[in-house]
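I have placed the structure first, in the form of C-alpha cells, so that the comments after it can refer back to it.
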Amino acid sequence: MADANGNLVEVTGVDKVFHRGSEDIHVLGGLCLKIPEGEFLALMGPSGSGKSTLLNLLAGLDRPTEGSVTISGERIDQLSERRLAGWRARHVGLVFQFYNLMPTLNAARNVELPLLLTHLSRTERKKHVEVALSVVGLNHRHGHYPRQLSGGEQQRVGIARAIVTDPTLLLCDEPTGDLDRKSSDEILDLLQALNQDQGKTIIMVTHDNDAAKRASRIVHMNKGKLTTDAAA
Amino acid sequence: MVAAMNWLAQVIAVTSFGIRTLPERRGAAAAAAFGIAGVVAVMVSVLSIAHGVNQTMDKSVSSRNAMVLRSGSDTEMTSGFSNDTAKIVAEAPGIARNEFGPLASPELFVVIDLIKSSSNSDANVPLRGIAQAAYEVRENFQIVEGRKFEWGRNEVIVGSAASREFSGLDVGKSILVGSEPWNIVGVFSTGGGVAEGEIWTDASVLQPAFRRGNFYQSVIVRLNSEDSFTEFKDSLTADPRVNVKVIRESEYYAGQTAILTAVITGLGSLIAVIMGLGAVFGALNTMYATVSARTREIATLRALGFKTSPVLISILMESLLLALIGGTLGGALAYFAFDGFEAATLNWSSFSQIAFSFRVSGSLLIQGIAFAALIGILGGLFPAIRAARLPVATALREL
Ligand SMILES: Nc1ncnc2c1ncn2[C@@H]1O[C@H](COP(=O)(O)OP(=O)(O)OP(=O)(O)O)[C@@H](O)[C@H]1O
Ligand SMILES: [Mg+2]
C-alpha cells in the first residue's frame, strides 16, 4: 500500500557502513529515495557505487546502519532478522543475475518454492505455479531442470518464482547481466509487461543503457549517493 | 496448526534438497559414513566379547544350584576341604534328592596345559573331577559324542567348546594327566556355559593323580527350590563342624567374570570414545564442506524467506543420515564378521580358559547405531549453526 503521496517505498537518510576487519567501509551516505507504486525504476551506476547494497536494504536482506526504510507503510529497518524473513516471503520477489535456481528441482518445483512459505494447499500451489509459468511463457517446460534450460529460460523461471506469490515489490539485480541481447530483450519485455499490464512496482539494477531505457525512471548512483534522477 | 504444517513443509523441502545433492558430494559423504562405520564396527565387536562372556556365564548357572567353598575362598582354585566336610555339606537341609541320595557333587578343580588350536599356544584348561550327582546337578547335561567315562578309570569326557578350542581333544585320543595318558571317550554339552570349556573325569581317580588325598575343592548342590538357599546356607554357616562359604552358583560365575567383563566393556567404550572423537571430526569436516558447497542454495532459500530453523535442521538431518548409514554398515559388519565367532579367553579368577562366542545382540546393535547418531549430531551441529547464521546478503554476493 502506498502512502498519502503515492509512494510505496521511502528511503530516508540511509547510511550503510560495512566493517572489514578494523576498516569501516562507508557504502551509502545519507541516501534518500521515494518510489511511487507502479513505477519501473532502473538503478544505474559504476561498479561498487552501492546499487546492490541499496537493493538488499529494500529487499530486507540487510539493515541500514542509519536511517529508515519504509515499504507499504512498514519500517522494515526495525524488524528482527526472523520477522524480516517472513516479511520477504510476503512482500518481495527477487530476481538474481545468475538466476539462483535449485539445480535438483524442475522448473515447476523451483517456482513453487516461495509458496511453501504460504498457507496454500498443494492444489492451490499447483495452480499458482501454472499461472506464473504461463506469464513467463514456459508452461510447456515445467518439468525441465535448470541445466536443460537456456540462460534466458532459466531467468524466466527465476521471474516466475519471483512473481508467484504476487509480491508488493519486484527487485532485480542485473537480471540481464548474464544474457545475450536477444534473451535480454525477452526478459525486459517480460518485466515491462509485468509493470504495465499488472501494475507491478519493479526496481532493477542494471549496467545496460538499453535495459534502463525500458524503465519509467532511471536513477544514477555514485559513491553511495544518488546523482541524477531522470524520468525516462 | 497451519503454521506448524508450513514450518514442517519448509523443513522437508530444505532437507530434501540437501539429500538430493548428496551424490554431488559423495566422496566426502562416503568418507564420513565409512569413518562412522569403522567406529561402530569396532565398538560393537569389542562389546560383543563382554556380551558373549556374560552370556556364557548366564548359561553356566541354574538358579537352583548352590556352591560350597572353603570359607574365605573366592574361587574353586583356592578352595579346599576334606571328604568329611563334603559329607556334612551333602546332609544339609534344602538339598534336592533322588533315589541315590542328595544331589550334591563334591568336586575337584585342577588345570592342565593344552595347545589352543587357533594360536598354537599353551593354555590352561580346567579339568574337573566330579561325583555321580554332578550329572543331575547340571540339568542340561548331555553326551553329544561317544559315551560317559567309566567310574574308577583313567577316562575323561570333554566339553564341546573345549573340544573345538583346543587341539587333540577328539574322542579316541588321549591327554596327559600327570604322567599318564587318559583316554577321551566322549564329548558333552551343558546347553552352553562355562562347563563346556572344561574336561570332566571321576573325582576319585583324579585325587590320587594329583596327590590330593581325600580332598575336594567344592560341593555343587541342587536345591529343592530357589528359596531353599537361605535354609541351606544358614544351616551350614551355623554348623560348628564346618568352616565353609555358601553362595549361589549364579553369583559365583558373575563374580568370576565381573572384572573381565568390566575391563572389556571399559576398553571397548574407551576405544569407541577415542575413535568416535575422530569420527566426529570427520563428520564435522564433511558437513562444513557441505555447508560451503550449499552456501548459494541456502542463501537463496533464506533470501526467499525461508527461516533459519529449517536450514539448521536440514544440515543436522543430513549429518544424521550419513551417521545412520555408517552405523548400520558398521553394525552389519560386526554382526557378519563376529556374531557367534568362537574364542577362548583367560578366566582371571581361575587362570584357566573360558570358551565363549562373540554375541552381537540386537541391543548391542542398537547401542552402536545410537552411538553413530550421536557422532552424526555432534558432527553436524556446528556446521548447521554456521549455515543458519549465514548472513544472507554477504553470502549471496560471494557467488
Ligand atoms: N557485506 C559486505 N562487506 C563488506 N563490504 C561490502 C559488503 N557488501 C558490499 N560491500 C562493499 O560495498 C561497496 C558497494 O558494493 P555493491 O555490491 O553495493 O556495489 P554495486 O554497485 O552493486 O557494484 P556492482 O555493479 O559491481 O554489482 C563495494 O565496495 C563492496 O566491496
Ligand atoms: Mg551489484
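In whole Å and largest first, what semi-axes does the C-alpha gyration tensor of region B:234-333 yield when each eigenvalue is scaled by 5 and square-rooted? Display every interim value, and only then the final one.
Numbers: eigenvalues 676, 44, 21 Å².
Equivalent ellipsoid semi-axes, largest first: 58, 15, 10 Å.
Within the P(r) computed for region A:147-232, what percentage of the Cα pairs occupies the region above 15 Å? Each step should come with its number before you reach the end.
Values: 2159 of 3655 pairs.
Beyond 15 Å sits 59 percent of the P(r) for region A:147-232.
For the protein assembly as shown, take the convex hull of the Cα atoms, compute a quarter of its surface area, and give me that in nm², please.
Numbers: hull surface 163.9 nm².
Average of the hull's projected areas for the protein assembly as shown equals 41.0 nm².
Compute a Gaussian network model of chain A, connecting alpha carbons closer than 10 Å, and tell me which residue from A:Thr70, A:Thr53, A:Thr118 fluctuates the most.
Maximum among the listed residues: A:Thr118.
Apply the Karplus curve 6.51 cos²θ - 1.76 cosθ + 1.60, θ = phi - 60°, to the phi angles in region B:161-171 and return the couplings in whole Hz, x for Gly and Pro.
After applying 6.51 cos²θ - 1.76 cosθ + 1.60, I find 5, 4, 5, 7, 6, 10, 7, x, 9, 8, 4 Hz.
In this model, which of B:Lys87/B:Lys233; A:Lys51/B:Lys307; A:Lys126/B:Lys307; A:Lys51/A:Lys225; A:Lys182/A:Lys223 are farther than 20 Å apart at the alpha-carbon? Write down the numbers at each step before the final one.
Numbers: B:Lys87/B:Lys233 15 Å; A:Lys51/B:Lys307 26 Å; A:Lys126/B:Lys307 23 Å; A:Lys51/A:Lys225 10 Å; A:Lys182/A:Lys223 32 Å.
Exceeds cut-off: A:Lys51/B:Lys307; A:Lys126/B:Lys307; A:Lys182/A:Lys223.
Looking only at other chains, what is the average number of their beta-carbon atoms within 10 angstrom of each beta-carbon in A:76-84? Don't jump to the answer; show the numbers that get you there.
Numbers: counts 0, 0, 0, 0, 0, 6, 3, 0, 3.
Mean shielding by partner chains, rounded to a whole number: 1.
Using only Cα atoms, what is the ratio of the radius of gyration of region A:7-231 to 2.2 N^0.38 Å? Display every interim value, and only then the final one.
Values: Rg = 17.3 Å, N = 225, 2.2 N^0.38 = 17.2 Å.
That works out to 1.00 for region A:7-231.
Please report the Cα spread of region A:1-50 along all three principal axes, rounded to whole Å, starting with the longest.
That works out to 43, 21, 14 Å along the principal axes.
Among B:Ala33, B:Ala370, B:Ala66, which one shows the highest mean-square fluctuation when chain B is modelled as a Gaussian network with alpha-carbon springs under 10 Å?
For chain B, modelled as a Gaussian network with Cα springs under 10 Å, the answer is B:Ala370.
Going by alpha carbons, how many degrees (0 to 90, nearest 10) lie between the helix axis of A:181-198 and the longest principal axis of chain A?
Taking Cα atoms only, the helix is inclined about 80 degrees.
Measure nothing but the geometry: give the 0 to 90° angle between the long axis through the Cα atoms of B:295-304 and the longest principal axis through the Cα atoms of chain B, rounded to 10°.
60 degrees
Taking chain B as a Gaussian network, where each spring joins two C-alpha atoms under 10 Å apart, which residue of B:Met57, B:Met43, B:Met317 fluctuates the most?
Looking only at B:Met57, B:Met43, B:Met317, the biggest GNM fluctuation is shown by B:Met317.
Taking the alpha-carbon distance from B:Lys173 and a cut-off under 19 Å, which lysines remain once sequence neighbours fewer than 8 residues away in the same chain are dropped?
Within the straight-line cut-off, B:Lys173 pairs with B:Lys116, B:Lys148.
Every read-out reported here was derived from the displayed coordinates using simple, explicitly stated rules and does not represent laboratory data. Fair warning: this is a prediction, and the values are worked out from it, not measured in the lab. For neighbour counting, all protein chains shown are included, and Cβ atoms are generated from backbone atoms with ideal geometry for every residue, glycine included.
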